[in-house]
Amino acid sequence: MSRIEIRNLVKMYGAHQALHGIDISIQPGEFCVLVGPSGCGKSTTLRMVAGLETISGGEIAIGERVVNGLRPKERGIAMVFQNYALYPAKTVYNNMAFSLQLSRMPKPEIDRRVREVADILELTPLLERKPGALSGGQRQRVAMGRAIVRDPEVFLFDEPLSNLDAKLRGQMRAEIKRLHQRLQNTIIYVTHDQVEAMTLADRIVIMRDGKIEQQGTPDAIFHDPDTVFVAGFMGSPPMNLVDCMVTPTGLKLGDSEIACATPDGLRAGARVICGIRPDDIRPAADQPGRATATVPVDLIEQLGTEKLVHFRAGQHSMIGKTGGRVDLAEGAPHPLAFDMAHAYFFDPDTERRIR
Amino acid sequence: MTTMLRQMTTRGTPYLFLLPGLVILGALLSVPLYKVVEYSLYDNVIVERNPTFVGLANYTNLMTDPGYWSAGFNTVVFTVGSVLGHMIVGIGLALLVNADIAPRARTFFRSMLILPWIFTAVVVALNWQLLLNPFGLINYMLQWMGLTSEPLDWLGDPDLAMWSLLLISTWRGYPFIMVSFLSGLQTVPRELYEAAEIDGAGFWHKFWHVTLPQLKPVIFGVALLDLIWTFQLFPLVWLSTGGGPGRATEVLSTLTFRLAFVDFQFSQAATVAVSILIISAAFTLLYLRNEARRL
Ligand SMILES: Nc1ncnc2c1ncn2[C@@H]1O[C@H](COP(=O)(O)OP(=O)(O)OP(=O)(O)O)[C@@H](O)[C@H]1O
Ligand SMILES: [Mg+2]
């Protein structure tokens, strides 16, 4: 267990700047998840912590040591790769034992550790197999086992579950969570998947174009987004983000008016981006007493426990929700209630939150 | 009936196209093959109009001929030495030119290092004769560096000739191995090296635990192929040392040539050729089995 300090981290690939000054401070034992769209620099950041990429500027400290000049093996880290990167010619046992063998650990101690970890990960019956004879999920577990046997100070994961099917991914996610509870190591975990981010993280770092957009607990990221980008990134279906006009009594959304309180700084006539999650837009009958607007519903998606209600407000397509048993006609206008107490307002120019 | 005919023609078409090639190959291969085996069973072929059938007498002669055994021994030394040389130099250079350097420099080095392969044996042999000459560049350099006081007769000294020949053969033959390994190296996933690096592996450990296992099938196939080629290699040896000095570098192929075209003992030459054929065929079978297993 050790803390990780990333200070003003910069990465240049030739003339292309991939990272523009990243600052992250991870507490000992914290599970930190990096998310963001493809190409935003998540892997680059992780690989710089691992020592697989050179550092163009800034500082990385693991524990109390600045590790900028250290080689990967001197950093006390273990990494799980997206494609597992298991040694194809070695058995599962030797894949897991390799780093210990290299560190000249006595054989009985190696054996004890490998078998203990294999036991935790239910790999014991597979120890003599080669990776080629394993399923995707089993390979994934071997890759984790290889990281765990070293008992590193820090675990680094780069999209470890993205090659698994949905069901297995759910299982492995829970398994990783359990492992973290048990081992209490500091973890940096890169993913595309916002469910993984929300469920695993103690801290989520949202990146965009080589910069940090926002970092905080999953709660803070989801319920208190700082920018339009973060608001739209987390949540599925995503938050509705629409251009509105402020009126004396509320907002003008397309042709309809919605009565609500607006932030103090906004005067009537000003433009604002209003963000409201689909969960907060429901048929008026579901949540009486809220601001309602009658809008044309053009599509209903049945998800089982709930239905997604697609409707139009002016030129905007928006999504609301209702229970899976509620009957709602497609192609007809319908009164929907907007829970404006949970609406977010953003400046259309800076895209930052107006509080 | 018609469908059968049509099936036969569609199935037969590829073979029809192959036919001319097969015929030419068959004629060029099977006739000499047959003739060589036939010659080895007669006495005084070609020189006499009516050679006498002697059965396996030529073979028993050969078995008791110390010249044959010494040539056989030299062939083994030359073949094993050359293949080892090719392998070591080829793998080493492949690793070097696979390094992460400027792409232009890499292309330059790769092209330069393939050069030895494109010269014909005559040019290679002549060049090395000039270099290794007692008054040649290499002796000059050695003397200049103070490593030797007397110029060495690299190709003329019986103790040195085989080593010099191995040097020439290694220089000549490594590019094929290098190119094979280079393409093999590029199929090794980068993540494996990164994983090994994190596991604490240095250069040699990465080579031993990641590169070699990945290249093993390539290494085995290429080594066998090289063995087959080198085993019957003639021009380079003949042109560099001519099997000399004395019989110091006489290999089976030069022995065959000498018996046939210097001593005009065509029967005996044919017998040696058949012995080469049998050994080469054995290696070829081994190679084919290895290839089949890889598929
Ligand atoms: N070796 C490299 N040379 C040049 N540019 C690179 C290199 N590696 C990454 N980049 C660039 O750096 C940026 C960040 O890449 P990175 O791999 O960190 O993205 P990512 O967030 O991990 O994306 P993904 O989710 O697709 O894996 C990208 O614009 C990418 O094109
Ligand atoms: Mg990535």
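Tabulated values for the structure
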| read-out | value |
| --- | --- |
| Residues being within 14 Å of another protein chain (Cβ to nearest Cβ) and more than 15 Å from ligand 1 (Cβ to nearest atom) - total across region A:52-71 | 4 |
| Filter result for A:Gly69 (open to solvent by 60 Å² or more (accessible area, probe 1.4 Å), more than 15 Å from A:Met144 (Cβ to Cβ), outside any helix (DSSP H, G or I) and assigned by TED's automatic domain parsing to the domain that holds A:Arg178) | yes |
| Unique match (being in a loop (DSSP other than H, G, I, E, B), under 25 Å from B:Val83 (Cβ atoms) and in contact (Cβ under 8 Å) with a residue 24 or more places away in the chain) among B:Leu155, B:Leu182, B:Leu126, B:Leu115 | B:Leu155 |
| Looking only at region A:160-183, and only at residues there that are within 16 Å of ligand 2 (Cβ to nearest atom) and touching a residue at least 40 places away in the same chain (Cβ under 8 Å), the one that is least open to solvent (accessible area, probe 1.4 Å) | A:Pro160 |
| Residue that is nearest to the other protein chains (Cβ to nearest Cβ) [pool: residues in region A:72-119 that are assigned to a helix (DSSP H, G or I) and among the polar types (S, T, N, Q)] | A:Ser99 |
| Top-ranked residue of region A:120-135 - restricted to ones that are open to solvent by less than 80 Å² (accessible area, probe 1.4 Å) and of a type outside the set (Gly, Ala, Ser), ranked as nearest to the other protein chains (Cβ to nearest Cβ) | A:Pro131 |
| Top-ranked residue of region A:13-38 - restricted to ones that are exposed (fewer than 13 other Cβ atoms within 10 Å of the Cβ) and not in a loop (DSSP other than H, G, I, E, B), ranked as nearest to ligand 1 (Cβ to nearest atom) | A:Tyr13 |
| Options B:Leu165, B:Leu160, B:Leu147; residue that is away from chain A (no Cβ under 14 Å), within 28 Å of B:Leu113 (Cα to Cα) and touching a residue at least 24 places away in the same chain (Cβ under 8 Å) | B:Leu165 |
| Residue check, A:Gly63 at pLDDT 90 or above, at positive phi and either among the hydrophobic types (A, V, I, L, M, F, W, C) or buried (at least 16 other Cβ atoms within 10 Å of the Cβ) (or both) | no |
| Meets criteria (open to solvent by less than 10 Å² (accessible area, probe 1.4 Å), of a type in the set (D, E, K, R) and more than 16 Å from ligand 1 (Cβ to nearest atom)) for A:Arg115 | no |
| Selected residue (criterion: most open to solvent (accessible area, probe 1.4 Å)) from residues of region A:39-59 that are more than 13 Å from ligand 2 (Cβ to nearest atom), in contact with a Lys or Arg (Cβ under 6 Å, 6 or more places away or on another chain) and outside any loop (DSSP other than H, G, I, E, B) | A:Glu59 |
| Any helices (runs of 4 or more DSSP H) falling wholly within region B:190-295 and containing at least 3 residues that are within 21 Å of the chain's Cα centre (by Cα) and buried (at least 19 other Cβ atoms within 10 Å of the Cβ) | B:212-231, B:235-240, B:252-257, B:266-294 |
| Residue that is surrounded by the fewest Cβ atoms within 10 Å (Cβ to Cβ) [pool: residues in region B:94-108 that are in contact (Cβ under 8 Å) with a residue 60 or more places away in the chain and assigned to a helix (DSSP H, G or I)] | B:Leu95 |
| Residue match in region A:143-159 (condition: away from chain B (no Cβ under 12 Å), farther than 22 Å from B:Val210 by Cα, of a type outside the set (A, V, I, L, M) and loosely packed, with under 15 Cβ neighbours inside 10 Å) | yes |
| Qualifying residue in region B:77-93 (condition: open to solvent by 40 Å² or more (accessible area, probe 1.4 Å), assigned to a helix (DSSP H, G or I) and over 21 Å from B:Glu250 (Cβ atoms)) | yes |
| Within region A:277-309, tally of residues that are outside any loop (DSSP other than H, G, I, E, B), open to solvent by 40 Å² or more (accessible area, probe 1.4 Å) and farther than 19 Å from A:Met340 by Cβ | 6 |
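The values are calculated or read from the model by the stated rules, or taken from the named source; none is laboratory data. Treat the numbers as computed from the prediction; the structure is a model and nothing was measured. Every residue, glycine as well, gets a Cβ built from its backbone with ideal geometry; the counts of neighbours run over all protein chains shown. Side chains included, ligands, DNA and RNA excluded: accessible areas come from the protein's heavy atoms. Shrake-Rupley method; radii C 1.70, N 1.55, O 1.52, S 1.80 Å.
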